[in-house]
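Each remark here refers to the structure printed beneath this line.
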Amino acid sequence: MTPQDQQDRADRSGLLYGFAAYAFWGLVPLFWPLLEPAGAVEILAHRMVWSLAAVGLVLLALRRWSWIRPLLREPRRLGMIALAATVISINWGLYIWGVNSGHVVEAALGYFINPLVSIAFGVLLLRERLRPAQWAAVGVGTVAVAVLAVGYGKLPWIALTLAFSFATYSLAKKRVGLDGLESLAAETAVQFLPALGFLIWLGARGDSTFASEGAGHAALLASCGFVTALPLICFGASAVRLPLSTIGMLQYVAPTFQFALGITVFHETMPPERWAGFALVWLALALLTWDALRTARRARRELADAAARAAALSATVEAGVVPEAGLVPEAGVVPEAGLVPETVIADVAASDIAVSDAAAPDARPGSISGG
C-alpha cells in the first residue's frame, strides 16, 4: 500500500468516526425523554456520576494516567478545570431540561450560534483580530438573534445560555490543555461528589426514580455514562486522522440533526419569523465556512511554498558553494561551501510554517457537543 493509499484510508476512517460522533450528538435528543419521569437535575446528576465511571474504565484500559500527577501540581489548571466543570454542568442541565420541555429547536439554535459566540470571545477576551468575513458573520448573527427575539416574543435565552456556556467551557478547556478523555475525566471528578451527594439525598427523601421505576429505568440512567463517552471516543479517533478544517465543517452535523428532530419528531412550530432568524444564522455560518476554507487553502499554499524554498536551499548547500558569508542565496545563485549551515535552512522553513499556521482558521475540534 502506497503512502497516498494509507492517507486516503485514514481520511475515510476519520470521516466515518467524525460523522458518527456528531451524528450521535445530533440524535441524543431522542434519548433524554426515555429517562422520564426523572427530572432534569436527577438525570444530570446520573450523567455526572456514570460518565466518570465510563471514562475511568476507558482510561484504565488505555493505561492513560500519567497526566494526573502533573495536573495536581498546577493550581491554576485545576481552577480552570473547576470552571469548565461548572459551566458544562449548566450546559448539560439546561440542554436536558430544554429537550424534555419541548425546546429542541431552540437548543439546536444554541449550537448553531456557538461559533459566533466563540469568535466574539476571541475578540473581547483574547484580543484576536477578525478578518472582514468574520466581522460580517458576527454582524449577521447579531441581526439573527434580534429577529428570533421578535419571533419568540423574548430573547431566545435557552439558545444564548447554551452558546455562551459552551463557549466559556471551550475557552477554559483551551487553558487546561488536556485531551478530550482526560479532560472529561478531570471535569467529572469535580462533579462526582456533589452529584453523588445529591442522588443520595434524593433517595433518602424518597424522590429518586433510580430504584422506584424498575430495572429498565435504572439501566437507562446508568447508560448516561456510555452516551457521554462513546461519541467523545469516536471524536478523538477522528481528530487524529482529519485536518482541523474538516472537523470544523463536521461540527454543524449535530445541530442540523437536532433541528430536524425538533420539527419532524417533536413537532415544534416554526412560524415565518423563526425561519427568517434561522436563515440569517445559516447565512452567517456560510460566511464563516467560506472564510475558513479560503484561509486554509491559502495556508496550505504558503506551507508548500515554504517547503519548496527549504528544499531549494538544501540543494544549494549540498552543491557545495555559498555566496558572501551570512547571506541566504537568491534564486539562481550558488553559495560557497560551509557558510549556510543546515540550522539556517531549518530556521527558514520553521519561520515560514509558523506564518502559515498563524494564517490558518481556528477550527478547534469539539466546539459543538450537542448536549
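If you stretched the chain out fully between Leu57 and Ala304, how much longer would it get, using 0.36 nm times the residue separation minus the C-alpha to C-alpha distance?
Here the answer is 84.7 nm.
For the pair Arg76 and Val265, what calculated FRET efficiency results from E = 1/(1 + (r/R0)^6), where r is the Cβ-Cβ distance and R0 = 56 Å, to the nearest 0.05?
Computed FRET efficiency for Val265 and Arg76: 0.80.
Given a 1.4 Å probe and every protein chain left where it sits, what share in percent of the accessible area of segment 1-139 is carbon and sulfur?
The computed percentage sits at 65.
Using only the Cα atoms of segment 207-318, build the gyration tensor, take square roots of its eigenvalues as a ≥ b ≥ c, and label the shape rounded, prolate or oblate: rounded if a/c is under 1.5, else prolate if a/b is larger than b/c, else oblate.
Values: a/c = 6.41, a/b = 1.74, b/c = 3.68.
Since a/c reaches 1.5 but b/c is at least a/b, the shape of segment 207-318 is classed as oblate.
Please report the carbon-and-sulfur percent of the accessible area for segment 238-294; probe 1.4 Å, protein heavy atoms only, DNA, RNA and ligands left out.
73 percent
Using a/c under 1.5 as the rounded threshold, could you call segment 10-88 rounded, prolate or oblate? The axes a ≥ b ≥ c are square roots of the C-alpha gyration tensor eigenvalues, and prolate needs a/b larger than b/c, oblate otherwise.
Working: a/c = 2.00, a/b = 1.17, b/c = 1.71.
Since a/c reaches 1.5 but b/c is at least a/b, the shape of segment 10-88 is classed as oblate.
Near Ile90, within a Cβ-to-Cβ distance under 14 Å, what is the net charge of the other residues, with Lys and Arg +1 and Asp and Glu -1?
Counting the neighbours of Ile90, the net charge comes to 0.
Could you report segment 7-74's accessible area per residue, 1.4 Å probe, as an integer in Å²?
Per-residue value: 54 Å².
Classify segment 1-135 from the C-alpha gyration tensor, please: rounded if a/c falls under 1.5, else prolate or oblate depending on whether a/b exceeds b/c.
It comes out rounded by the Cα gyration axes.
Could you give the radius of gyration (one decimal) and Dmax (whole number) of the Cα atoms in segment 110-163, in Å?
11.7, 34
Using the Karplus curve 6.51 cos²θ - 1.76 cosθ + 1.60 with θ = phi - 60°, work out ³J(HN,Hα) for each residue of segment 295-304 in order, rounded to whole Hz, and write x for Gly and Pro.
With coefficients 6.51, -1.76 and 1.60, one gets 5, 5, 5, 5, 5, 5, 4, 5, 5, 5 Hz.
Would you report the distance distribution of C-alpha pairs in segment 247-304 as whole percents per 5 angstrom bin, up to the bin with the largest distance?
In whole percents, the pair-distance histogram is 4, 15, 17, 21, 15, 11, 7, 5, 3, 2, 0.
For segment 148-215, report the accessible area per residue in Å² (1.4 Å probe, heavy atoms, rounded to an integer).
48 Å²
Just grab the label-to-label distance for Leu196 and Arg64, each label 7 Å out from Cα along the Cβ direction, in nm (one decimal).
According to this spin-label approximation, the distance is 2.3 nm.
Quick one: which of 139-148, 205-214 comes out on top by average Cβ neighbours within 10 Å, and what's the full order, highest first?
139-148, 205-214
Counting only other residues whose beta carbon sits under 13 Å from that of Arg77, what net charge do I get with K and R as +1, D and E as -1?
Residues near Arg77 contribute +3 overall.
Between Lys174 and Ala311, take the C-beta separation as r, use R0 = 30 Å, and let me know the FRET efficiency to the nearest 0.05.
Step by step, r from the Cβ atoms, then E = 0.30.
The values are calculated or read from the model by the stated rules, or taken from the named source; none is laboratory data. Since the structure is predicted, the reported quantities are computational estimates derived from the model, not experimental observations. Neighbour counts are summed over all protein chains in view; Cβ atoms, including those assigned to glycine, are modelled from backbone coordinates with ideal geometry. Keep in mind that these areas ignore ligands, DNA and RNA; they rest on the heavy atoms of the full protein, side chains included. Shrake-Rupley method; radii C 1.70, N 1.55, O 1.52, S 1.80 Å.
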